[in-house]
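K.L.:
Here it is, the structure in full.
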Amino acid sequence: MSLRRIATLVLLALALLSGLSAWYVAQLRFNYNFNDFYPAGDPDLSYYQDYTRRFGYDNDYLLLGVEAAPGRTVFEPNFLRRIDSLTRLARGLRHVRSVTSPTTLANPVVEGLGFFSLPYLHPDEPARRAADSTLIYRTPGLVGNVFSPDARAVTLVLETTANLEKPQGDSLLAGLRAGLARQGLPEARVHFAGRLIAQSVFVERLQWEVVLFMSISLVLVTALLWLTFRTWWGVVLPLVVVLGTIIWGLGLMSACGVNIDLMTALLPVMMFVVGTSDTVHIISRYVSELGYGASKRDALRITLKESGFGSGLSALTTSLGFFTLMTSNIRPIYNFGLFTGIAVILAFILSFTLLPAMLVLLRKPQLREPRRQGHSWDGVLGRLFRTVLLRRRWVFGISALVIVTAIGYATQIRINSSMLDDLAKDDPVRLDFQFFERQFAGVRPFELELKPQGGRDIYDLAVLRQTEKIETYLRDTYGLRFAASPVTLVKSVRKALNGGGLAEFRLPADSAELARLRSKLRLFRKKPEFKALALADGSAGRLTGRMTDVGSIRAGRLNADLQRFLRTHLDSTVLRTRLTGSANLIDKNNESLTLNMITGMSIDIVMVTLIVLALFKSVRMTIIVLIPNLVPILIVAGVMGFCDVDMEVGTSIIFTIAFGIAVDDTIHFISKLRLTLGHEPNLFKAVKRTYLLAGKAVIVTSLILVGGFATLLFSSFDGTFYVGLLIGLTLLFGVVAELTLLPLLILYFYKHNPKELVKPA
């Protein structure tokens, strides 16, 4: 069978597979599920899931903050009427379970066998405004939760259906915004916060940014390929391979039921820049052979033979860099590592099947002129090579100084995260969340389960007093701005039974008074707030609250102090507690981030070490491969410490990805050197020739990689921005180390016995 017919059959088979993959890609959906970032497999996650089944989720709420007109207060009758209309609208919307609003708050009073509620506000009675506001600002739990301390804003708290997905959440938000418009409330005076907002905004931005990154990457890679090869096929063929890889990778992801999220949205960009590497090496070598006078068939044969080993090895090491992310217990990072690693292997397969098939079917390219004296790059690379040799002491000295400085700054890296890490400080969504932290109780949820001991229930007086002690600590020392628990319920019932006076909002004085209160609790137990704070049989309770988003470092210290307080001040024979909640789980991610990063990097380094040892049977070669690739990692770690860039979910993936990608060029260089030494026994001449042959591909692929990752700088997500910036810097420093340290290390380690480089593997 002729070579052209084989190439045609290969193209047809690959086209069929690409068509199937494209069908799966069409089924892909964008998704941002806050719960996906919980640490999978963690015992605390299992506990939290059981906790939510009994008490409900702590993040199924939407905060709607409305500011009064400038110079006005929230007690203006016209403003309150608007809020009341908005409250009725919210209660009528689908997926809204309950609404806490200033105009529906009431002070319950029990008389005889029933109870009635006295509203806190009387907007139609101006004479009562002063008394109403005084009562509100003296009543615990209202100021900072529903009313702002300066009386300039109010909040509606909407409890929503559990785990509401984006389409339903967007419908709810659209209904609220329409109601706000009808009430004539300007957008500048309206603020939203909650999981639904983050979910809606993140998904919409993901969709936009995937298109943006793909477009910029396409333009950038096209320009760099044109500047490199100056031929239409030198641009089109690599792009066909890369686009095929992206379609195959996304199609496989879709077939496995995985959606595009904040992490997997990076896969197309990764493939645009990483997938181009092999094609550049192949075409560069192919053009070089043609330039030296080889026929098309011979040029292609030599190219595939000499590039196959290095490209296969680099695909293996790059994919390992991504696969090591599967050590993470955070599902989006796990999926990103798995499918990007697979896509790297697919890129290698297409580079050595699709690309050669297309080259076979194309006519032999006509070079502008025969290059018997070498190539235009040879002069530049030759001068650079001589400069490196002449300045070798400077190269080693500066490298050592930079490494020591980088290690010093790297020790200053902090592992810290907050709820809106990925949004810029001036992002409108983040500013809205900050509004609630500034004017109200905040947006960070707090959850503590209360478990009575010794046959007691949650309404036992000893249990209630222990709970009140915890509440006092949380309010005065921990920083909780709003708290509710079974203590709140009992105090509220006692106040209701004693005429609704504020002085009666306290725990019963003794067990006898409590016994009388307990007989009345059944009047209130059907109310949603009772179900949310205590189980029907009284076997467990919930202390819930909100606070400012202090970040995981500060939260870790606060929780450690809380645990110490509970051990020393709580009677464990009466009450035991367990800290839980969504914020606690997100904080726990930080405990594993360092371990996951170190584990991933260690696995990557060990695997690369084993591969090099297996192939070259040389410890010296292993050292030569590792040094130029670990130096850029150390430098970027130093940059993070110097610039106060925290380690969090997004930035934790940087080092393993960068190492896996950076080692590619080293593998290509050493592979070409081994082949060169086969017919050039002089080590110096062999290194120089390899430098000239591989240097162009190393520089071009590095520019494509750095430029591709630079597209992520346009992201509105801070995590994505830093991934682009820091990986780009790593690769930039990597190409410098590749062209300076690597040849010097080879010449130094093998100057006495260059034949060791060509020992059979």
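The values are calculated or read from the model by the stated rules, or taken from the named source; none is laboratory data. Fair warning: this is a prediction, and the values are worked out from it, not measured in the lab. Reconstructed Cβ throughout: ideal geometry from the backbone, glycine too, with neighbour counts over all protein chains shown.
K.L.:
I'd like to know if the stretch 53-60 contains one or more residues that are closer than 30 Å to G184 by Cα and out of contact with any Gly (no Cβ under 6 Å at 6 or more places or on another chain).
P.N.:
Quick first cut of the stretch 53-60, residues closer than 30 Å to G184 by Cα only: 59-60.
Then drop every residue that is not out of contact with any Gly (no Cβ under 6 Å at 6 or more places or on another chain), which leaves 59-60.
Within the stretch 53-60, one or more residues are closer than 30 Å to G184 by Cα and out of contact with any Gly (no Cβ under 6 Å at 6 or more places or on another chain).
K.L.:
Find the residue count for the stretch 642-652, including only residues that are surrounded by fewer than 18 Cβ atoms within 10 Å (Cβ to Cβ) and either of a type outside the set (D, E) or in contact with a Phe, Trp or Tyr (Cβ under 8 Å, 6 or more places away or on another chain) (or both). Lay out the reasoning, then the answer.
P.N.:
Here is the first cut: in the stretch 642-652, the ones surrounded by fewer than 18 Cβ atoms within 10 Å (Cβ to Cβ) are 642-644.
Going one step further and asking which of them are either of a type outside the set (D, E) or in contact with a Phe, Trp or Tyr (Cβ under 8 Å, 6 or more places away or on another chain) (or both), we end up with 642-643.
Adding up the residues that qualify gives 2.
K.L.:
Right, something else. Among the candidates D664, D644, which residue alone is acidic (D, E) and not in a loop (DSSP other than H, G, I, E, B)?
P.N.:
Details: D644 fails: not in a loop (DSSP other than H, G, I, E, B).
Checking each option against the conditions leaves just D664.
K.L.:
Now for a separate question. Residue by residue through the stretch 219-243, note down the ones that are free of Cβ contacts under 8 Å to residues at least 12 places away in the same chain and among the hydrophobic types (A, V, I, L, M, F, W, C). Let's see the steps before the verdict.
P.N.:
Applying the first criterion (free of Cβ contacts under 8 Å to residues at least 12 places away in the same chain) to the stretch 219-243 yields 219, 223, 226-227, 230, 232, 236, 243.
Matches in the stretch 219-243: V219, A223, W226, L227, W232, V236, L243.
K.L.:
Just need a number here: residues in the stretch 575-605 that are in contact with a Lys or Arg (Cβ under 8 Å, 6 or more places away or on another chain) and either buried (at least 18 other Cβ atoms within 10 Å of the Cβ) or modelled with pLDDT under 90 (or both).
P.N.:
3
K.L.:
Does A13 satisfy the condition of being closer than 26 Å to A343 by Cα, crowded, with 18+ Cβ neighbours inside 10 Å and in the same structural domain as N335 (by TED's automatic domain parsing)? Steps first, please.
P.N.:
On the way: closer than 26 Å to A343 by Cα: yes; crowded, with 18+ Cβ neighbours inside 10 Å: no; in the same structural domain as N335 (by TED's automatic domain parsing): yes.
No.
K.L.:
If V550 passes every condition in (1) outside any helix (DSSP H, G or I); (2) more than 27 Å from F717 (Cα to Cα); (3) not charged (D, E, K, R) but one, which one does it miss?
P.N.:
(2)
K.L.:
Suppose the filter is touching a helix residue (DSSP H, G or I) at 6+ places or on another chain (Cβ under 6 Å) and touching a residue at least 60 places away in the same chain (Cβ under 8 Å); does N59 pass it?
P.N.:
Yes.
K.L.:
Something else: Please work out if R301 is in the same structural domain as S21 (by TED's automatic domain parsing), out of contact with any Gly (no Cβ under 8 Å at 6 or more places or on another chain), surrounded by 22 or more Cβ atoms within 10 Å (Cβ to Cβ) and not aromatic (F, W, Y).
P.N.:
Values: in the same structural domain as S21 (by TED's automatic domain parsing): yes; out of contact with any Gly (no Cβ under 8 Å at 6 or more places or on another chain): yes; surrounded by 22 or more Cβ atoms within 10 Å (Cβ to Cβ): no; not aromatic (F, W, Y): yes.
Considered against the rule, which asks whether it is in the same structural domain as S21 (by TED's automatic domain parsing), out of contact with any Gly (no Cβ under 8 Å at 6 or more places or on another chain), surrounded by 22 or more Cβ atoms within 10 Å (Cβ to Cβ) and not aromatic (F, W, Y), R301 comes out as no.
K.L.:
Still on this structure: Could you tell me which numbered condition L262 fails, if it satisfies all but one of (1) part of a helix (DSSP H, G or I); (2) in contact with a Pro (Cβ under 7 Å, 6 or more places away or on another chain)?
P.N.:
Evaluating L262 over (1) part of a helix (DSSP H, G or I); (2) in contact with a Pro (Cβ under 7 Å, 6 or more places away or on another chain) leaves (1) as the failure.
K.L.:
Okay, moving on. Check off (1) in contact with a helix residue (DSSP H, G or I) (Cβ under 7 Å, 6 or more places away or on another chain); (2) surrounded by fewer than 20 Cβ atoms within 10 Å (Cβ to Cβ) for N78 and give me the number that stays unchecked.
P.N.:
For N78, the failing item is (1).
K.L.:
Within the bounds of the stretch 88-95, is there any residue that is assigned to a helix (DSSP H, G or I) and within 24 Å of the chain's Cα centre (by Cα)? Let's see the steps before the verdict.
P.N.:
Initially, the stretch 88-95 is screened for residues assigned to a helix (DSSP H, G or I), giving 88-92.
Retained after the next criterion (residues that are within 24 Å of the chain's Cα centre (by Cα)): none.
No, the stretch 88-95 contains no residue that is assigned to a helix (DSSP H, G or I) and within 24 Å of the chain's Cα centre (by Cα).
K.L.:
So, one more: Can you name the residue in the stretch 177-209 that is surrounded by 16 or more Cβ atoms within 10 Å (Cβ to Cβ) and among the aromatic types (F, W, Y) and, of all such residues, is modelled with the highest pLDDT?
P.N.:
Here the residue is F192.
K.L.:
Among (1) farther than 25 Å from V735 by Cβ; (2) more than 32 Å from the chain's Cα centre (by Cα), which single condition is R546 missing?
P.N.:
Of everything listed in (1) farther than 25 Å from V735 by Cβ; (2) more than 32 Å from the chain's Cα centre (by Cα), R546 misses just condition (2).
K.L.:
Looking at the stretch 470-491, which of its residues are more than 38 Å from the chain's Cα centre (by Cα) and surrounded by fewer than 22 Cβ atoms within 10 Å (Cβ to Cβ)?
P.N.:
Filtering the stretch 470-491 down to residues more than 38 Å from the chain's Cα centre (by Cα) leaves 487, 489-491.
Within the stretch 470-491, K491 is the sole residue that qualifies.
Okay, residues lined up against (1) more than 19 Å from T730 (Cα to Cα); (2) surrounded by fewer than 16 Cβ atoms within 10 Å (Cβ to Cβ); (3) in the same structural domain as P743 (by TED's automatic domain parsing); (4) out of contact with any helix residue (DSSP H, G or I) (no Cβ under 7 Å at 6 or more places or on another chain):
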residue	(1), (2), (3), (4)
T609	yes, yes, yes, no
I627	no, no, yes, no
A637	no, no, yes, no
I657	no, no, yes, no
L675	yes, no, yes, no
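K.L.:
Next question, about the same structure. Grab the helices (runs of 4 or more DSSP H) fully contained in the stretch 422-503, keeping just those with 2 or more residues being modelled with pLDDT of 85 or more, hydrophobic (A, V, I, L, M, F, W, C) and under 20 Å from L142 (Cα atoms). If you could, list the steps in order and put the result at the bottom.
P.N.:
Values: elements: 428-439, 461-473, 486-497.
Ranges flagged: 428-439, 486-497.
Table: residues versus (1) of a type in the set (S, T, Y); (2) surrounded by fewer than 16 Cβ atoms within 10 Å (Cβ to Cβ); (3) farther than 30 Å from V203 by Cβ; (4) touching a Leu at 6+ places or on another chain (Cβ under 6 Å).
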site: R128; (1), (2), (3), (4): no, yes, yes, no
site: P149; (1), (2), (3), (4): no, yes, yes, no
site: A162; (1), (2), (3), (4): no, yes, no, no
site: D170; (1), (2), (3), (4): no, no, no, no
